[in-house]
Amino acid sequence: MSKDYYKTLGVEKTASASEIKKAFYKHAQKHHPDKPDGDEAKFKEYNEAYQVLSDEKKRKQYDQFGSADGNPFGGGGGGGFQGSHDFGNIDLEDILNQFGMGGFGGFGGRRGPQRGSDVQMNIELSFKEAIQGVSKEIEIPDFSEDTRGSKTKSLSVTIPAGVESGQRIRLSGYGHPSPEDGGQPGHLYLVVSVKPHKTLRREGHHLVHDMTLKLTEAIQGGKREIETLDGKVRITIPSGTKTGDLLRVRGKGVPSSGFSGDGDLVVVVRVDIPKKLSKKAKEAIKILEEEGM
């Protein structure tokens, strides 16, 4: 069964974007894992719902299909949002600032020293790195040596599986130092850019491969080799395959983020109908016609 994200956030299906955001921050403020009494499991649920309902395209697909990827291919592991759920990208301080409670003053305590400002930089990943995850050695600004960040230092970063272009990965404490004694440094956010693949594209939690078949292949069926991120696989083409049919290779899509099973590799079929036929081919078609085909 698909999850009811509106029920999770406690809003109506007609809720505006601002109402959805307000509901999420209310729950996030209460359950964020950075709090001593936070609840990581609950926070993940609220974040999962918010990631879908705050995105106009994903919300439209969710409303229509009950799945945030608008998945025409079937479940793939339980429905619902099929992307990455890195709740670490959402900073408790950012949540509190939404309510004018930065510095944890909103919890009734004394406002602490101001945190340093955040920094943002881009990171480019191959399609395979983004889907399967990767550890990379990157150069980041070294604000401890130079507050302008003109010097750099190497840092080993683990990129989680399933990240998408535009997603931010937070590296806590690698931003600008605090302007006040005892204050925490800001964060460094890596903004992901994913290079396209030559034969695959991503659709939610699935990888999609477009395959063109000859008319004879579609009629008779057969075998084909296709590329996956782990090498080639051989698939069976059933006889009578037609344009629009979907062939599935289980478990060869985007790895599970913990909320569902691994996605699939889905082959979308298009049958190539020749525009010109030889005399012999026309005779063969005539025979098929006489057979009622």
What are the pairs with Cβ atoms under 6 angstrom where one residue, in segment 36-62, is over 22 Å from Ser256 (Cβ atoms) and the other, located anywhere, is buried (at least 22 other Cβ atoms within 10 Å of the Cβ) and of a type outside the set (Phe, Trp, Tyr)? Sequence gap at least six, or different chains.
Gly38/His32; Arg59/Leu53
Filter segment 218-235 for residues that are closer than 28 Å to Pro274 by Cα and in contact (Cβ under 8 Å) with a residue 40 or more places away in the chain; which is surrounded by the most Cβ atoms within 10 Å (Cβ to Cβ)?
Ala218
Going by the structure shown, is Thr158 among the polar types (S, T, N, Q), assigned by TED's automatic domain parsing to the domain that holds Gly261, under 30 Å from Gly261 (Cβ atoms) and assigned to a strand (DSSP E or B)?
no
Please go through segment 149-163 and give me each residue that is under 19 Å from the mean Cα position of the chain (by Cα) and surrounded by fewer than 14 Cβ atoms within 10 Å (Cβ to Cβ), ordered by number.
Thr158
Where residues in segment 269-293 are among the β-branched types (Val, Ile, Thr) and loosely packed, with under 12 Cβ neighbours inside 10 Å, which of them is nearest to Leu200 (Cα to Cα)?
Ile273
Restricting attention to segment 203-213, does a residue exist that is assigned to a helix (DSSP H, G or I), more than 30 Å from Leu155 (Cβ to Cβ) and in the same structural domain as Arg250 (by TED's automatic domain parsing)?
no
Name the pairs whose Cβ atoms lie under 8 Å apart, with the first residue in segment 167-179 and in a loop (DSSP other than H, G, I, E, B), the second among the aromatic types (Phe, Trp, Tyr), and 6 or more positions between them or separate chains?
Tyr174/Phe143; Gly175/Phe143; His176/Phe143; Pro177/Phe143
Quick check on segment 189-196. Is at least one of its residues more than 30 Å from Val52 (Cβ to Cβ) and in a loop (DSSP other than H, G, I, E, B)?
no
From Arg224, Arg148, residue being among the basic types (Lys, Arg) and in contact with a helix residue (DSSP H, G or I) (Cβ under 9 Å, 6 or more places away or on another chain):
Arg224
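The values are calculated or read from the model by the stated rules, or taken from the named source; none is laboratory data. Note that this is a predicted model, so its numbers are computed, not measured. A quick note on method: Cβ atoms are made from the backbone with ideal geometry, for glycine too, and the neighbour counts reach across all protein chains shown.
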